[in-house]
Ligand SMILES: Nc1nc(O)c(N)c(N[C@@H]2O[C@H](COP(=O)(O)O)[C@@H](O)[C@H]2O)n1
């Protein structure tokens, strides 16, 4: 069976990077994994702290996607690893969502994001579902740790 997630208000909403599950990484507290992921696009600049401090993950995403801020040149090669680090730390930090993730067993996890063909499955299901894949990798790591 495939388990789909997207909205933070629906079942498995805690799998979304927009879920309000903060964590400490790189010596500071991040309100969501979306904040961390978007901020890393601008590592070494003041935009990192600006994004960390915005209230909502939607605002963090809008800032991160705004190409008036110059994207770090190696972004395409580092973005998957950055997402993996953030998602792992999020689920290591919060017992209740770690149990939800482990409770999905070996089911396939898919981010049902209609406009995102990289992190999600896209409108027609043909997307790469990288976030779902990373969640399944993280689930395996957590299983080994438990
Ligand atoms: N809730 C939500 N809304 C969107 O519009 C989305 N694209 C996603 N997917 C998430 O977007 C993040 C990556 O975005 P960019 O690579 O900066 O475009 C990542 O958290 C996806 O899971 N979610």
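Taking segment 3-55 only, how many residues are assigned to a helix (DSSP H, G or I), under 19 Å from residue 69 (Cβ atoms) and either within 15 Å of the ligand (Cβ to nearest atom) or in contact (Cβ under 8 Å) with a residue 40 or more places away in the chain (or both)? Walk me through how you get there before you give the answer.
Initial filter on segment 3-55 (assigned to a helix (DSSP H, G or I)): 13-15, 33-42, 47-52.
Now drop any that are not under 19 Å from residue 69 (Cβ atoms), which leaves 34-42, 47-52.
Next cut, either within 15 Å of the ligand (Cβ to nearest atom) or in contact (Cβ under 8 Å) with a residue 40 or more places away in the chain (or both) only: 34-42, 47-48, 51.
Looking only at that region, the number is 12.
Going by the structure shown, is residue 78 out of contact with any strand residue (DSSP E or B) (no Cβ under 9 Å at 6 or more places or on another chain), away from the ligand (no atom under 11 Å from the Cβ) and part of a helix (DSSP H, G or I)?
Numbers: out of contact with any strand residue (DSSP E or B) (no Cβ under 9 Å at 6 or more places or on another chain): yes; away from the ligand (no atom under 11 Å from the Cβ): yes; part of a helix (DSSP H, G or I): yes.
Answer is yes for this residue.
Within 14 Å of the ligand (Cβ to nearest atom), without any contact (Cβ under 8 Å) to a residue 60 or more places away in the chain, in a loop (DSSP other than H, G, I, E, B) and exposed (fewer than 15 other Cβ atoms within 10 Å of the Cβ), is that true of residue 58?
Values: within 14 Å of the ligand (Cβ to nearest atom): yes; without any contact (Cβ under 8 Å) to a residue 60 or more places away in the chain: yes; in a loop (DSSP other than H, G, I, E, B): no; exposed (fewer than 15 other Cβ atoms within 10 Å of the Cβ): yes.
No, not satisfied.
Restricted to segment 97-124, and to residues that are free of Cβ contacts under 8 Å to residues at least 60 places away in the same chain and away from the ligand (no atom under 15 Å from the Cβ), which residue is surrounded by the most Cβ atoms within 10 Å (Cβ to Cβ)?
Going through the qualifying residues, I end up with 98.
Just so you know, all these numbers are worked out from the coordinates, no wet-lab data involved. Computed from a predicted model, the values in this text were never measured in an experiment. Glycine gets a Cβ as well: all are built from the backbone with ideal geometry, and neighbour counts include every protein chain shown.
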